[in-house]
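A.B. asks: A single structure is presented below for examination.
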Amino acid sequence: MESKLFSAAIGSLDPFQQHCNFPTVKKESTDGEQNINNSTQQLVRRGRPSGSRNKQKESSVLYEDSVDAIMPHVVQLQPGADIVQCLRVFYRRLQVGGLYVMSALGRVVDVAICMAGQVRFLRGTCQILSLCGTFLPHCNSLSISVLDSEGSVIAGLVDGILRAAGPVTIVVGSCADPSFHRFRALVDVQFLHSVRPLM
């Protein structure tokens, strides 16, 4: 019985292991390998050490309001207000050199628009698409483009009263002291002689 168990155990082993029984040899590490292992353990932690990051520097730029800077304003008007008159009053109240209308949101009613020298009256409520203009000490103008009840887009200069049909919000910019520049018309005599009248 014991011989059978011994033969079964021998048969379960690999043929190479049956005939060869090499002793296990432990590899001893040299001094150079130990130094490499120690150096790799020291290099595990990478990056900057704590407290070495750049500190935030204080900004040395001073921000000051320039005289020529444009200051934004938001003007809200109630239904029934005259937009042109309200902008004139707001311009005088600010006591600035110029007021510039940038955009508007809302609806107007019974608009009179000057187009190519002719005034066109739009009855009913119209949606404001754009509103821009300038208010200066010597002159002012206001142009508008609207969408009428039929879906047509009409644009031109505002002529007369511009009545708000609902709440209207206008974005304007003011400048304290705008600079004015005048250029003389430089007429080229040769260019005038070369131009022929249309027949």
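Values quoted throughout were computed directly from the atomic coordinates according to the rules given, and no laboratory measurement underlies them. These figures come from a predicted structure and were not determined experimentally. Every residue, glycine among them, receives a Cβ derived from its backbone with ideal geometry; neighbour counts consider all protein chains shown.
A.B. asks: Please compute the net charge surrounding L99, taking Lys and Arg as +1 and Asp and Glu as -1 over other residues with Cβ under 11 Å from its Cβ.
C.D. replies: +3
A.B. asks: Tell me, in nm to one decimal, what length is gained between L94 and A112 on full extension, where the rule is 0.36 nm per residue of separation less the Cα-Cα distance?
C.D. replies: Full extension from L94 to A112 adds 3.7 nm.
A.B. asks: To the nearest 0.05, what FRET efficiency results for S103 and S149 with a Förster distance of 30 Å applied to their C-beta separation?
C.D. replies: 0.85
A.B. asks: Okay, next question. Can you tell me how much longer the chain between V74 and V119 gets when fully stretched, taken as 0.36 nm per residue apart minus their C-alpha distance, in nm with one decimal?
C.D. replies: That works out to 13.2 nm of additional length.
A.B. asks: Based only on other Cβ atoms within 10 Å, what is the fewest-to-most ordering of H181, H73?
C.D. replies: Final ranking by Cβ density, sparse to dense: H181, H73.
A.B. asks: Next up: Relative contact order of segment 70-175, please, whole-number percent, based on alpha carbon pairs below 8 angstrom and at least 6 residues apart.
C.D. replies: Reported relative contact order: 44 percent.
A.B. asks: What is the sum of charges, Lys and Arg at +1 and Asp and Glu at -1, for the other residues whose Cβ falls under 12 Å from the Cβ of Q85?
C.D. replies: Net charge in that neighbourhood comes out at +2.
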